[in-house]
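Scroll down for the structure; my scribbles are underneath it.
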Amino acid sequence: MTEQTPLKIAYLCDMDPHLSWTYSGGNQRIFKALQDHVGEVTYLDPSWGMAEPVRKLIHKLPESLNLRLRWRAHYLFSGLIAKNVKRQLRNGNYDAVFGVYSLNAMASLRVPDMMVRAFTSDATQSSYRASEIGAGFGSFFKPARLLDRWVKAHETRCLQANDLNFWPSDWQKKQADQTYALRDATSQVVPWGANISTPERDTLNLDLPMQSEVRLLLVGRDWFAKGGPFVLEVLQRLLDLGVNARLSVIGTMPPPHDLGDHVDVYPNLDKSKPEDLATFEGLFKTSHLMVQPSLESFGFAFCEASAFALPSLCLNRGGIPVWDGINGHALPVGSTPQEFAELIQTYLKAPEEYQSLRHSARRCFEDKLNWQAWGREVKRQLLVARAEKHGASTI
């Protein structure tokens, strides 16, 4: 079997990857990347088998309860649910079963001996909760903490049984390795791509000057989790320094008291509508820096910024895909808005360095923050794992 040989993949997730909104769009992007670059992909029926009435009941609950109860109940009924999955695997003659986001979907699952088990996500429940990112959001329902050890035991069995666990950044790998005692051979970093169609290089102004005006960008649905108040302070520091600066906000509406003459807000852009897509792309193309000191385990927006040759400024926490001097700067945790503003000023005084950073950000996207690169590397590793199971050599 060679790199040109398509693999038969059984795609396992608790949410339908054909729906673009599931898992912030990442579910659909991963499904399509596997189709485009790995082989034939079949989404397995997510039915809970004999426990299906329980799943349907949970889906009728308010979203806040649904999200928190669904995956815990999945572990509880995993013995029944896994029978439905195992039957589909047995009938499909697949090369690999590929779990995406919902590790609970792999609970209690035994696969045929020659089948590769793989998984990818930007977080797992136990490792996320123990991290500074998870701690930043707190706990919705305190009594659920009584189940933490039970959940971690299920997760550990799943991840240790996998042949390959793919993480989008070093941060996720470190968290997972420490939490679940994973081996390097089964725990690999393969960066994810952007949650947009790739903008063609010749449509971008890689030499966009930052001179008379500095245009900042913030993207996300949660104003506070994305660091909105912090970014407003950065904006104010620039204005105090005499810099003509503006901030554009996509995807969220700041509180009224945070709005001002130098803030433009686009809370509801629908990228399926041509006019909204044009506005979205135009903001990325004409902004000078995405400033987003957010709390998140990955962040597709940073990949998107690099796709548009837009450098990002953030804090060095979580698995945010920003590397100093390559596609932006990840400042130390504890850095102040003044330090962000001063860094921006250094680029205002060194336009050649700023343009070099724009070129570097786009190269970073082209080299690794794209789904083609992810798909090629995932396929290579799946082929190696499959060959090892069959006792054969591979390329």
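Taken together, the values in this text are just the output of simple stated rules run on the coordinates, not laboratory data. No experiment lies behind these values; they were computed from the predicted model shown. Counting neighbours? That spans all protein chains shown, and the Cβs are built from the backbone with ideal geometry, glycine included.
Structure values in brief
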read-out	value
Full-extension gain in nm, Asp16 to Arg221, via 0.36 nm per residue minus C-alpha separation	71.6 nm
Simple spin-label estimate for Asp261 and Lys86 in nanometres, 7 Å along Cα-Cβ	7.0
At R0 = 45 Å, FRET efficiency that the Cβ-Cβ distance of Gln178 and His359 yields, to 0.05	0.80
Order of Glu377, Glu275, Glu342 - criterion: other Cβ atoms within 10 Å of each residue's Cβ, fewest first	Glu275, Glu342, Glu377
At most 13 other Cβ within 10 Å, DSSP loop - trypsin sites (Lys or Arg not before Pro), segment 177-279	Arg183, Arg221
Coil-residue trypsin sites (Lys or Arg not before Pro) of segment 289-395, DSSP, other Cβ within 10 Å capped at 16	Lys349
Placed amide H near Val116: partners under 5 Å, 5+ positions off or other chain	Ala96, Val97
Label-point separation in nm, Leu67 to Ala278, each point 7 Å along Cα→Cβ	3.4
Hull shadow area, averaged, the chain [alpha-carbon convex hull, nm²]	20.3
FRET efficiency for Tyr43 and Glu339, using Cβ-Cβ distance with R0 set to 45 Å, rounded to 0.05	0.45
Selection from Pro254, Gly319, Pro293 lying farthest towards where the dipole of segment 244-395 points positive, charges on Cβ	Gly319
Assigned charges on the beta-carbon of Lys, Arg, Asp, Glu; the chain dipole about Cα centre (debye)	1920
Those chymotrypsin sites (Phe, Trp or Tyr not before Pro) in segment 135-243 that DSSP places in a loop and that have at most 11 other beta carbons within 10 Å	Phe140, Phe141
Value of relative contact order over segment 295-395, rounded to a whole percent, pairs C-alpha under 8 Å and six or more apart	26
Antiparallel DSSP beta bridges within the chain, percent to nearest 5	0
Residues whose placed amide H lies under 5 Å from that of Leu315, excluding near-sequence neighbours	Ser294, Leu331
Gain in span if fully extended, Lys349 to Leu269, counting 0.36 nm per residue against the direct Cα distance	25.4 nm
Of Lys173/Lys389; Lys32/Lys379; Lys8/Lys86; Lys8/Lys368; Lys8/Lys379, those spanning more than 18 Å from alpha-carbon to alpha-carbon	Lys173/Lys389; Lys8/Lys368
Value of relative contact order over the chain, rounded to a whole percent, pairs C-alpha under 8 Å and six or more apart	17
Extension gain (nm, one decimal) between Met253 and Arg149, 0.36 nm per residue minus Cα-Cα	33.6 nm
